[in-house]
Amino acid sequence: MKRMELIKRRQVLGLTQGEMAKKARVSMTPIVGLEAGESFPHPRNLPNLARAYDIPTVDFVNLLYEEGKL
């Protein structure tokens with residue numbers, strides 16, 4: 001899975017970046033940075049982000065690892 005798929009996933013869920021941030025209980029900055037491939041979320045936010053994108057946490061972490069962000 002590529003980071004662009006995160007954007008598609010969010011859109012399929014019918015959420016804006018702001019709504020995704022609220023669902024993941026983070027500010028919008030991590031969502032924007034994550035989807036742009038410009039930043040890595042704080043480790044404590046990984047489980048909430050994975051749940052918000054409806055992706056198992058291990059798959060979410062593997063996505064970031066594959067993209068060279070871990």
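Between the residues Val61, Gly37, Asn48, the greatest Cα displacement towards the positive end of the dipole of the chain, with unit charges on the Cβ of Lys, Arg, Asp and Glu, is found for Asn48.
Ranked from the most accessible area to the least, with a 1.4 Å probe and all protein chains present, what is the order of Lys23, Lys2?
Lys2, Lys23
Based on DSSP H segments of at least four residues, each scored -39500 (n - 2.57), the chain has a per-residue ellipticity at 222 nm of -17500 deg cm²/dmol. For the chain, the square roots a ≥ b ≥ c of the C-alpha gyration tensor eigenvalues yield an a/c under 1.5, which makes the shape rounded. Mean separation of Cα pairs under 8 Å and 6 or more residues apart, divided by the residue count, gives the chain a relative contact order of 32 percent.
Could you tell me the center-to-center distance, by alpha carbons, between region 48-68 and region 21-38 in angstrom? First find each Cα centre; the distance between them is then 13 Å.
Taking 20 Å as the straight-line reach from the Cα of Lys2, the aspartates and glutamates in range (excluding those fewer than 8 positions away in the same chain) are Glu35, Glu38, Asp54, Asp59, Glu66, Glu67.
The values are calculated or read from the model by the stated rules, or taken from the named source; none is laboratory data. In this text the structure is predicted, and so the values were computed from the model without any measurement. Reconstructed Cβ throughout: ideal geometry from the backbone, glycine too, with neighbour counts over all protein chains shown. What goes into the accessible areas is simple: the full protein's heavy atoms, side chains included, and nothing from ligands, DNA or RNA. Shrake-Rupley method; radii C 1.70, N 1.55, O 1.52, S 1.80 Å.
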